[in-house]
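Please treat every number below as a calculation from the coordinates, not as lab data. What you see is a predicted model; the values in this text were computed from it and never measured. FYI the Cβ positions are ideal-geometry reconstructions off the backbone, even for glycines, and counts take in every protein chain you see.
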There are 2 protein chains.
Amino acid sequence: MTIRCIAVDWGTSNRRAWALDGAGRVIARRADDQGLLAIKDRAFAASLQTLLGDWMDEGAPIIMCGMVGSRLGWVEVPYLNAPVSLAELGNGLKTTSDSLPETPYIVPGIARFDAAGADVMRGEECQMLGALLTQGKRDGIFLLPGTHAKWARLEAGVLTDFRTYMTGELFAQLRKGSSLAQLMPPADAPDLFDGDAFDRGFTAAFAGDSPGITHLLFTVRSLSLFGRLTPDEAPSYLSGLLIGAEMKDALSWLKGHETVTAIGSAKLLETYDRAARIAGIPLERLESDDILPPALFSIARAAGLGDLR
Amino acid sequence: MTIRCIAVDWGTSNRRAWALDGAGRVIARRADDQGLLAIKDRAFAASLQTLLGDWMDEGAPIIMCGMVGSRLGWVEVPYLNAPVSLAELGNGLKTTSDSLPETPYIVPGIARFDAAGADVMRGEECQMLGALLTQGKRDGIFLLPGTHAKWARLEAGVLTDFRTYMTGELFAQLRKGSSLAQLMPPADAPDLFDGDAFDRGFTAAFAGDSPGITHLLFTVRSLSLFGRLTPDEAPSYLSGLLIGAEMKDALSWLKGHETVTAIGSAKLLETYDRAARIAGIPLERLESDDILPPALFSIARAAGLGDLR
């Protein structure tokens, strides 16, 4: 089958690519660990050719999203400011200037400003567009868990507001380098998930009168001192605390009791689904692999790239 | 003058010692960086003799507080459980078994339990006793800022409740190893304090409707991206966020609008005083160096050690 469009999600640590036909169907997929951090001397073009060189022979347009469009990426694509319709993402594309068989286009991220703060996303906007296109989700609350988890509200296809939580990064930091890490097994092997410990942590941080998270984090230590938390339980408890604090703040801010649409990898979605069940919030899970290719295809088509139906 | 009592505060990173006369007056003081982490092969006795050997010749009792009484310290002294009268600290002393000219006694820490959580302190209880003895503070809210900041309530000399916040440790972790550290000057030199940036961070986290701290931490990044926070401002902003989140939670929990008694080092007290002024909370500052020796002396005397008036 002929490749008519190449879609790429190029993040900080990893990247994924899909070869699509003229109707946006996935013909082939590839992934590797050559995220931004792995690219030396700004050799983005060479690295992309290594991953996708044979796909490029057919002259299909390349459409990319994610941190590749950040200041630390290939080319900085200015943010669109929320509130913004997800249908407008194709208006902000920017190209790279390197010589390649086909010019790659990069989708803009989205920024939000208020009096005291600001927030940004790059890549998550395309995942939400994917949910809109494949599931008809034009309204409601979205959750994109991860290193920097995002909660967002969509109204009639317009991204009106969002908040980022450093949940995943804080977990990684505390798990490997803090005084709490000493109470846990060595951090070089993956943690076994302990559901009961996760639930206890989540409940401690999510409850209406729960203390602030910077206090609760210390309880990993004090509970461990008295044998109320074993080393094997401690990582899951810590994860529960951080996700509990995130979900409590996000739901209070979004005043949401409706279904939350969660987009991500299967494993992380399972953890958040467990949390949402304790919180009494219906969670609909969408795997990012399924909805990102149609979103990028749609943006390429709307921007008039290549020969797409 | 004859040394009648030796008081020692032996913490994780540093230790301080005072030689006292028979009325508890300070004759001499010493300090070094031989905290618990610096002691190899449990050579606590030898290390203490290096610091205080000549003081010990006179046979004065040695009274110690701090992490030296923890599981990772010289000998584990069981916690007393709150609520507990600070006058009872002398009832829980434990001795070390090493051969020394004089047996050192270690003051117990205090633990607190509730249905889901637990909390601990070691050393701060003696500092509060010092405030009680030297300033007559038997009631009110106490704040002991630091790596693991403590807020506590004293009622008629009884420590009824307290909470620990990981403020200092979180700052150190995020300042040196996180994605936020990249936005700041190299972490090997001390940060210059930027008052305006601190105030902005504090206000963002302390305000009544402020978002959760795990979101606000990410705004260090997003504000930096748009030039709303410079690299030099970012550490003070981060410090303001963390202290704002701590103070908001502590004051909400303690329902306190009365004067807060803050005990610590001069520099940290100045930062918290700045925060308290924004919060509209009167803060009374006590330097820990001034009030800890009388507290330890009083405990030694109450326990009948040596020849103390």
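Summed over qualifying helices (DSSP H, 4 residues or more, each -39500 (n - 2.57)) and divided by its residue number, the protein assembly as shown shows a 222 nm mean residue ellipticity of -11500 deg cm²/dmol. Measuring from each Cβ of chain A to the axis carrying A onto B, the nearest residue and its distance in whole Å come out as A:Gln173, 3.
Qualifying GluC sites (Glu not before Pro) in segment A:221-295, where qualification requires a DSSP coil assignment and no more than 14 other C-beta atoms within 10 Å, comprise A:Glu258.
Considering all C-alpha pairs of the protein assembly as shown, those separated by over 42 Å amount to 33%. Here's how it looks for B:Gly146: its modeled amide H is under 5 Å from those of B:Gly168, which are all 5 or more places away or on a different chain.
Of all aspartates and glutamates in the structure, those lying under 19 Å Cα to Cα from A:Lys176, and not within fewer than 8 positions of it along the same chain, are A:Asp188, A:Asp191, A:Asp194, A:Asp232, A:Glu233, B:Glu169. Annotation: peptides A:150-157, A:53-60, A:176-183, B:2-9, ranked by per-residue average of other Cβ atoms within 10 Å with the highest first, follow the order B:2-9, A:150-157, A:176-183, A:53-60. Counting only cysteine Cβ atoms and a cutoff under 4.7 Å, chain B contains unmatched residues B:Cys5.
Sites listed here are trypsin sites (Lys or Arg not before Pro) in segment A:37-135 whose DSSP assignment is loop and whose Cβ has at most 13 other Cβ atoms within 10 Å: A:Lys40, A:Arg42, A:Arg71.
Looking at segment A:204-243, the chymotrypsin sites (Phe, Trp or Tyr not before Pro) that sit in a DSSP loop and have at most 13 other Cβ atoms within 10 Å of their own Cβ are A:Phe226. For peptide A:54-60, the mean count of partner chain Cβ atoms within 10 Å of a residue's Cβ comes to 0.
Centre-to-centre separation between the Cα atoms of segment A:142-203 and those of segment A:211-279: 7 Å. Counts of other chain beta carbons within 10 angstrom of each beta carbon in peptide B:202-212 average 3. Relative to the longest principal axis of chain A, what angle (0 to 90°, nearest 10) does the C-alpha long axis of helix A:213-225 take? Computed tilt is about 50 degrees. Excluding same-chain neighbours fewer than eight residues apart, the lysines reachable from B:Lys248 by a Cα-Cα span under 16 Å are B:Lys150.
FRET efficiency for the A:Asp196 to B:Asp114 pair, using the beta carbon distance and R₀ = 22 Å, is estimated at 0.70.
For segment B:7-18, putting each phi into the Karplus relation 6.51 cos²θ - 1.76 cosθ + 1.60 with θ = phi - 60° gives couplings of 10, 9, 10, 10, x, 5, 10, 9, 8, 10, 9, 10 Hz, in residue order, rounded to whole numbers and with x for Gly and Pro.
Quick check: from the Cα gyration tensor, does chain B come out rounded (a/c under 1.5), prolate or oblate? Prolate. As a calculated quantity, the FRET efficiency between A:Val75 and A:Ser265 at R0 = 35 Å, using C-beta atoms, amounts to about 0.80.
Using θ = phi - 60° in the Karplus curve 6.51 cos²θ - 1.76 cosθ + 1.60, the 3J(HN,Hα) couplings for segment B:54-59 round to 5, 5, 6, 4, 8, x Hz; x is entered for Gly and Pro.
For the residues of B:160-166, the average number of beta carbons from a partner chain within 10 Å of their own beta carbon is 5. Kindly state, to the nearest 0.05, the FRET efficiency for A:Asp273 paired with A:Thr147, given R0 = 30 Å and r defined as their beta-carbon distance. E(calc), rounded to 0.05, equals 0.95. For a test of the definition: using alpha carbon positions, the gyration tensor, and the 1.5 limit on a/c, classify segment A:1-111 as rounded, prolate or oblate. Cα axes put segment A:1-111 in the oblate bin.
With a ≥ b ≥ c the root eigenvalues of the C-alpha gyration tensor of segment A:165-287, is it rounded (a/c under 1.5), prolate (a/b larger than b/c) or oblate? Because a/c hits 1.5 or more and a/b exceeds b/c, segment A:165-287 counts as prolate. In this assembly of identical copies, the label point of B:Gly53 (Cα plus 7 Å along Cα-to-Cβ) is separated from its counterparts by 7.0 nm, sorted shortest first.
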